[in-house]
Every structure is written in structure tokens, then in C-alpha cells.
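Working notes for the structure below.
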Amino acid sequence: MKQERTTERDRGAVMVELALILPVLLMVMIGIIDFGRAYSYQESIYGAAREGARVLALGQPGQVNTAVNNARGSATVTSITTGGSCPATADPTNPVYATVTVKAKITFGIPFISLGTKTLTATARMLCGL
């Protein structure tokens, strides 16, 4: 079996191929990481909205902001909006829902290079009195 020698020309071709493929692979890798981070933030703010709706449904409107901020994870919450006010006693014939909407901003990109900012929104609704 004869072994082929690599020549300078072959090494140059490999370098050119690497120079063409590497930026594309890096962009795909950064995109996957950013997508995963955005998905994690979305799940965090959804959990925070759900926790806020639970607190509001239990009749503690003053504790909603604290509950949301305690459950937000690493997401930076920019606004918390509540809807619906729970009555003192729940009426099964006329259900009332407590609604909490949480917004957070996420910046896409690699360290020191921003590729843009997106606002993520999560809304949770819970039946009052449960």
C-alpha cells in the first residue's frame, strides 16, 4: 500500500476550506446558544407570570411583584401587568380569572457584540379562589 504525501498545495486547500466553513459554523453555533438562552428566559418569565397569577388568585394583589421577581430566574423583568380582581368569595356560576402579564428584554449576540434586543412576553391566567 502506497502512502500519499501531503503537499503544500493540499495544505493550502485545507486552509481555504477552513476559512470558508469556520465563520458559518461559528454563526450556527452562536445561533443555537442564543436560541437556547431565549427559550430559557421565556420559560423563566412564564413561570414568573404563573406564580404572580397564583398569588393574585389567592387574593394577595400586593404580593404579585414580589412573587414575580422571586420566580423570574435570570430574566430581567421590564414590566408586570395584572388584570382581574378576585372577589372575597368565589362564585362557581360566574368564574373570575386573575391574569398576570410579564415582559422581559433579552439581548442577542456574543460578548461585547450586540445583535439586537427582543422583548419576550408571557401571560398566565388562574381561576380566583383556588
> Is it the case that segment 75-93 has a residue that's modelled with pLDDT of 90 or more and under 15 Å from Gly129 (Cβ atoms)?
Replying inline: no
>> For segment 37-60, give me each residue that is surrounded by 15 or more Cβ atoms within 10 Å (Cβ to Cβ) and more than 30 Å from Gly109 (Cβ to Cβ).
In response: Ala53, Arg54, Val55, Leu56, Ala57, Leu58, Gly59
> Can you tell me which residue in segment 85-120 is nearest to Ala38 (Cα to Cα), limited to those that are without any contact (Cβ under 8 Å) to a residue 60 or more places away in the chain and crowded, with 16+ Cβ neighbours inside 10 Å?
Replying inline: Lys103
>> Condition first: small (Gly, Ala, Ser) and either in a strand (DSSP E or B) or at pLDDT 90 or above (or both). Now tell me which residues in segment 45-70 satisfy that.
In response: Gly47, Ala48, Ala49, Gly52, Ala53, Ala67
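The values are calculated or read from the model by the stated rules, or taken from the named source; none is laboratory data. This is a predicted model, so every value here is computed, not measured. Every residue, glycine as well, gets a Cβ built from its backbone with ideal geometry; the counts of neighbours run over all protein chains shown.
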